[in-house]
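The values are calculated or read from the model by the stated rules, or taken from the named source; none is laboratory data. Because the structure is a prediction, the values reported are computed rather than measured. Cβ placement follows ideal geometry from the backbone for every residue including glycine, while neighbour counts extend to all protein chains displayed.
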Amino acid sequence: MMAIVRVPGSIFAFIVMALPLVASDRVLVDMSSNAAFETSKAAGSKLSLVTNETGPALRAVLGTTHQWPGVSFLFERGIDASTHGQLTFQMKNSGESSLRVRCRIDSRPKGSDESASLTRLHDVSLEPGKSKEVRIPLIPHIEYEGISPKDFFGMRGIPFFSKESMHLENITQILFFVVQDHEPHAFEVGTIRLVGKPSTPSSKPIPEKVFPFIDEFGQFKHRDWPGKTHSLEELVESVETETRTLAATSPPDSWDRFGGWKDGPQLEATGWFRTAKHDGRWTLVDPDGRLFFSLGIDGVDFEPGTILDERHHWFENVPPDNAANSEFYFPWKPDLERSYFYNKSVRAFSFHRYNVMRKYGADWKNRFAEVCTKRLPAWGINTLGNWTSPHIYAMGKLPYVAYVRPKSKTVQGSSGHWGKFKDVFDSSFETSIHNQLQGQALAGTVNDPMCIGYFVDNELSFGDETAMSVASLTSPADQNAKRELVSDLKEKYGVITALNKAWNTNHASWGALLDHEDAPDGKGARSDLVAFNTKFVRTYFSTVRRVVKEIAPNHLYLGCRYGSSAPIIPMVMQANAEFADVVSFNVYSRFLSDKLARLEKAGDKPYIIGEFHFGALDRGMFDTGLVQVADQKERAEAFRQFVTDCVKHPNIAGCHWFQFCDSPTTARPWDHENYQIGFTDTCDTPYAELIEASRKVGESLYQEPSD
């Protein structure tokens with residue numbers, strides 16, 4: 001039972017709930033009985049009951065074709081979990097490689113349809129043979145008078161409502177699954193129980209007037225925290241304080257002028273960054289011939305702003321959208337279909353840029369750039385990471401990486417998290433890479449010794465070992481990739497009847513195959529699809545390498561920043577390792593060890609972590625980002641541990657934090673991210689705990705390899 005109580009004379013409301021009586025532990029699924037099969041449903045897996053060192057369990061041996069193999073437990077009448085505080089079970093990785101199992105709990109109000117469902121996700125990472133007890137807090141969904149989650153659209157995290165909350169009175173399903181990586185896996189889940197006392201709902205005050213909830217600095221209005229900016233005077237005064245600190249702080253003594261190991265081994269000085277294998281370890285080598293571990297921060301630049309359209313009532317004291325403020329307003333038309341504002345022409349405002357202008361005054365852009373180049377060495381950071389402003393890296397103060405994003409014709413039948421895949425057989429692909437490297441933004445990098453090299457693309461969706469072939473076949477007849485595939489098939493089979501026999505199809509002619517836009521459904525096509533997929537992938541990587549080396553022969557091709565959860569396809573990884581100088585991965589996990597098996601699929605190559613981060617909810621933001629920690633103290637410790645583990649690994653030559661500044665509180669324009677993931681907040685205030693940790697790591701950067 002719930003009530004909303006307003007206190008006389010107060011602007012706040014408080015949630016009061018009558019908690020149900022505490023029950024004893026309750027078994028939801030008993031793995032010691034065949035009854036476990038009555039509620040379970042396999043998805044791309046084989047199920048059996050076993051007994052391991054933790055007790056009875058259900059084993060799921062996962063196949064390599066289903067997109068999300070695992071097992072689900074369905075509760076047709078629903079489970080009332082409101083009497084308990086945690087869902088618990090034992091989990092074991094009974095496979096031979098590292099594993100991340102996702103537990104998904106579905107809930108919805110009694111009598112409602114799927115549209116009212118709430119989903120809770122919890123990840124469990126385990127090394128082979130390891131077990132752990134998993135306890136998932138059961139957080140009740142609370143409804144407030146006059147507002148609902150739907151009022152806060154276009155954001156991943158929202159105020160007042162926990163994304164981990166559930167309709168505990170009606171749990172409808174519990175699923176255990178993994179994201180397909182085409183590797184054999186197996187896990188065992190023990191008896192599922194409800195335990196503990198129900199959690200006490202939050203009694204945080206709810207303002208009577210919720211809107212506007214963003215203040216003039218772009219911060220959450222209805223909460224205070226250490227480091228929050230309360231006035232323009234505070235914002236301006238912070239400049240003098242930081243200026244004194246930076247003036248008194250030098251780069252770590254162990255660094256040379258590039259941030260390499262000043263007193264370490266002396267290798268050949270080529271005048272450019274390169275890779276080398278020294279004493280059994282892969283490393284970068286700086287232009288002076290010193291070992292160099294690239295510790296970087298991505299996106300050293302202004303944040304991109306947040307969309308105002310349909311949300312003007314969220315913000316207080318936003319300056320007018322006129323010529324005087326034209327440097328803070330931007331047009332957007334998001335092209336990601338998952339965006340609330342997809343294909344809408346909207347306006348965005350950058351609180352970060354506006355705050356920086358008010359903070360530094362005249363010549364604010366140059367002053368900000370100068371401060372950034374002083375901050376990073378003082379913080380123990382030696383590299384400007386991906387998406388850094390060309391204005392900042394062109395100052396020549398720090399080593400940097402540059403980014404190339406080919407803008408070419410795409411394969412119309414393809415899909416992916418960031419959009420369709422490039423058509424590597426269309427001339428626009430090669431031309432685009434060539435033009436970008438010689439364009440205004442990157443032309444100065446080609447002969448710059450401070451440039452380590454180029455990332456080309458980011459988190460591409462290669463799919464599985466036939467995905468690009470199927471995407472090509474399901475594209476229109478004028479798709480160059482499709483024409484290339486049909487040409488290969490014609491060369492192999494000669495006549496269409498031979499193809500029809502092999503594929504069990506009935507195309508009237510090769511032209512009819514070109515016009516056909518359905519994927520083949522028979523096994524007979526698979527070997528041909530795999531062969532062309534291999535050709536497609538190799539063409540992608542070989543083309544990028546050839547163009548990069550043609551235009552910038554002294555710089556490194558740093559790979560495509562493989563997505564943290566993207567399937568590891570052997571043909572892709574082999575081509576990546578063959579043609580890239582460094583294989584790059586984005587890694588989102590609390591511990592590096594959770595993802596090491598993925599990285600090591602690249603074999604004996606140098607690796608760079610292109611992105612990692614940790615976030616918390618104790619500084620006024622609504623979402624933690626992709627890896628949640630409890631607070632800023634744990635955030636700093638997570639950074640220290642992750643970087644230290646990278647430095648110790650014999651193949652990892654660098655790791656770059658994503659990103660310099662927090663996301664806008666109300667989300668960036670294209671994909672709703674509003675993460676607490678910055679080294680600084682939207683007022684350009686550094687996070688002290690993280691800065692202290694990074695400084696200490698930077699000081700010991702070249703002590704770790706000798707341990």
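Okay, residues lined up against (1) touching a helix residue (DSSP H, G or I) at 6+ places or on another chain (Cβ under 8 Å); (2) farther than 25 Å from residue 459 by Cα; (3) without any contact (Cβ under 8 Å) to a residue 40 or more places away in the chain; (4) of a type outside the set (S, T, N, Q):
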site	(1), (2), (3), (4)
623	no, no, no, yes
626	no, no, no, yes
630	no, yes, yes, yes
635	yes, no, no, yes
643	yes, no, no, yes
651	yes, no, no, no
670	no, no, no, yes
676	no, no, no, no
685	yes, yes, no, no
Scan the stretch 324-333 and give yes if some residue there is closer than 23 Å to residue 418 by Cβ and hydroxyl-bearing (Ser, Thr, Tyr), otherwise no. no
Of the residues in the stretch 543-599, those that are crowded, with 21+ Cβ neighbours inside 10 Å and basic (Lys, Arg) come to 561, 595, 598
Out of curiosity, is residue 173 in a strand (DSSP E or B) and crowded, with 18+ Cβ neighbours inside 10 Å? yes
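Every residue, every condition in (1) in contact with a Ser or Thr (Cβ under 9 Å, 6 or more places away or on another chain); (2) under 30 Å from residue 370 (Cα atoms), yes or no:
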residue	(1), (2)
150	no, no
157	yes, no
188	yes, no
210	no, no
217	yes, yes
220	yes, yes
228	yes, yes
238	yes, yes
Positions within the stretch 75-94 being more than 26 Å from the chain's Cα centre (by Cα) and more than 17 Å from residue 191 (Cβ to Cβ), in sequence order: 76, 77, 78, 80, 82, 83, 85
Just give me the residues in the stretch 592-605 being modelled with pLDDT under 90 and either in contact with a Cys (Cβ under 9 Å, 6 or more places away or on another chain) or in a loop (DSSP other than H, G, I, E, B) (or both), in sequence order. 595
Inside the stretch 286-302, can you point out the residues that are without any contact (Cβ under 8 Å) to a residue 40 or more places away in the chain and surrounded by fewer than 24 Cβ atoms within 10 Å (Cβ to Cβ)? 288, 289
What number of residues within the stretch 318-339 are under 25 Å from the mean Cα position of the chain (by Cα), surrounded by 14 or more Cβ atoms within 10 Å (Cβ to Cβ) and either assigned to a loop (DSSP other than H, G, I, E, B) or of a type in the set (D, E, K, R) (or both)? 3
Positions within the stretch 311-324 being free of Cβ contacts under 8 Å to residues at least 12 places away in the same chain and closer than 26 Å to residue 675 by Cα, in sequence order: 312
Output for the stretch 74-119, where each listed residue is without any contact (Cβ under 8 Å) to a residue 40 or more places away in the chain and either assigned to a loop (DSSP other than H, G, I, E, B) or outside the structural domain of residue 189 (by TED's automatic domain parsing) (or both): 111, 112, 113
Subset of the stretch 125-136 that is in a strand (DSSP E or B) and modelled with pLDDT of 90 or more - its residue that is farthest from residue 148 (Cα to Cα): 131
How about the stretch 362-384: which of its residues are among the polar types (S, T, N, Q) and surrounded by fewer than 22 Cβ atoms within 10 Å (Cβ to Cβ)? 366, 373
Go through the stretch 666-707 residue by residue and tally those that are β-branched (Val, Ile, Thr), assigned to a loop (DSSP other than H, G, I, E, B) and either in contact with a strand residue (DSSP E or B) (Cβ under 6 Å, 6 or more places away or on another chain) or modelled with pLDDT under 95 (or both). 2
Of the residues in the stretch 485-505, how many are surrounded by fewer than 19 Cβ atoms within 10 Å (Cβ to Cβ) and touching a residue at least 24 places away in the same chain (Cβ under 8 Å)? 3
